[in-house]
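Q: Okay, here's the structure, questions in a sec.
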Amino acid sequence: MCAYMLSKNGYRVSLFEKGSELGGALRYIPKYRLPKNMLDTTLDNLIRIAHIEVKFGVEMGNDGKTIADLKNEGYEAVFVATGTPAPRPLTFDRELVAKADLEGVIFGLNLLDDVDRGKVPPQLFQGKRVVVVGGGNVAFDVARTARRLGGDVSLVCLESEDKSSKDGIPADVEEIEGGTEEGIRITYSRGVEEIIGENGKFKKIKCPRCTSVFDEEGRFNPEFDRSDILYLEGDVLLITIGQGP
Ligand SMILES: Cc1cc2nc3c(=O)[nH]c(=O)nc-3n(C[C@H](O)[C@H](O)[C@H](O)COP(=O)(O)OP(=O)(O)OC[C@H]3O[C@@H](n4cnc5c(N)ncnc54)[C@H](O)[C@@H]3O)c2cc1C
């Protein structure tokens, strides 16, 4: 979008993309919400209308090009927009929750990536119990995708059902209603203190009741009632609690 707006304002713009296609995280949006041909056509049109030069397969940083290289090539300004591709790991009381490497524990974003690349069979989760952790729209994209892949899906989140409260679930109402209509069960106000496995495979999560998500200053600072524990069992655990750089 930055390239498009600059171009429309008279700048000559080159866009460097490390991959082989444009779209970034938009490609993770499930196709029932954003069909791939619509995304591709929109991007193609933006590039064409704005006369943007696109260079694929060019990585900035790491062992690739540097900003100094670009300056030497005559570019006068650089806008870095490399996104937030890294899934956020599960934490409890600011500590990483162990055993996220068990078989069956997957980051939801990686599932969406695999689906986008056509790497998963259409009935991947047939006959499987899938637990999704997260209460945002991306968690619902993951849960609804898992459901469409045949899974028996439940979603657990820290937030409460009351969207009007400070601790209310962040996902849009249409996602919550749509997911529920598709058969996804939602467990509100629960954190994940422990991932429990058996023979190297995911078995269940230990979920104390979350009594508050944000503190008085509005900071993310969840509190729990550790005497009120729920265990959620499953075959697959999909962690979808945010993305970072
Ligand atoms: C599942 C999901 C659903 C979403 N649904 C919506 C929605 O409904 N509506 C909405 O508005 N937003 C949605 N979003 C958010 C939206 O996708 C992002 O806000 C948007 O894609 C961010 O754009 P960006 O260009 O900043 O970063 P990205 O989309 O992450 O793009 C970054 C690009 O930079 C490239 N890159 C990274 N590192 C380098 C490097 N070193 N050198 C060269 N290239 C590099 C990447 O390959 C990528 O193409 C969703 C996100 C996800 C994950």
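The values are calculated or read from the model by the stated rules, or taken from the named source; none is laboratory data. Owing to the predicted nature of the structure, the values given are computational and were not obtained by experimental measurement. Positions of Cβ are generated from backbone atoms using ideal geometry, with glycine treated the same way; all protein chains shown enter the neighbour counts.
Q: PHE125 - would you say it is in contact (Cβ under 8 Å) with a residue 12 or more places away in the chain, in a loop (DSSP other than H, G, I, E, B), of a type outside the set (A, V, I, L, M) and under 18 Å from LEU22 (Cβ atoms)?
A: Spelling it out, it is not the case that PHE125 is in contact (Cβ under 8 Å) with a residue 12 or more places away in the chain, in a loop (DSSP other than H, G, I, E, B), of a type outside the set (A, V, I, L, M) and under 18 Å from LEU22 (Cβ atoms).
Q: Could you say whether any residue in the stretch 171-182 is in contact with a Pro (Cβ under 9 Å, 6 or more places away or on another chain), small (Gly, Ala, Ser) and not in a strand (DSSP E or B)?
A: The first filter runs over the stretch 171-182 and keeps only residues in contact with a Pro (Cβ under 9 Å, 6 or more places away or on another chain), leaving none.
Checked the stretch 171-182: no residue is in contact with a Pro (Cβ under 9 Å, 6 or more places away or on another chain), small (Gly, Ala, Ser) and not in a strand (DSSP E or B).
Q: For the stretch 61-80, name all the residues that are under 17 Å from CYS2 (Cα atoms) and within 11 Å of the ligand (Cβ to nearest atom). Reasoning before the result, please.
A: If we filter the stretch 61-80 for residues that are under 17 Å from CYS2 (Cα atoms), which is where we start, we get 75-80.
Listed by number, the residues that qualify are PHE79, VAL80.
Q: Closer than 21 Å to ILE67 by Cβ and surrounded by fewer than 12 Cβ atoms within 10 Å (Cβ to Cβ) - does that describe any residue in the stretch 17-28?
A: no
Q: What is the number of the single condition among (1) over 26 Å from the mean Cα position of the chain (by Cα); (2) more than 10 Å from the ligand (Cβ to nearest atom) that PRO35 does not meet?
A: Looking at each condition in turn, PRO35 falls short on (1).
Q: Which of the following residues is under 26 Å from ARG144 (Cα atoms) and in contact (Cβ under 8 Å) with a residue 40 or more places away in the chain: GLU182, GLU233?
A: Working: GLU182 fails: in contact (Cβ under 8 Å) with a residue 40 or more places away in the chain.
So the residue among GLU182, GLU233 that is under 26 Å from ARG144 (Cα atoms) and in contact (Cβ under 8 Å) with a residue 40 or more places away in the chain is GLU233.
Q: Another one. Starting from the stretch 18-32, keep only residues that are at pLDDT 95 or above, then list their pairs with residues that are near the ligand (Cβ under 6 Å from one of its atoms) whose Cβ atoms are within a distance under 6 Å, requiring at least 6 positions of separation or different chains.
A: Note: pairs meeting the criteria are LYS18/GLU59; GLY24/GLY83; ALA25/GLY83; TYR28/LEU112; PRO30/ASP141.
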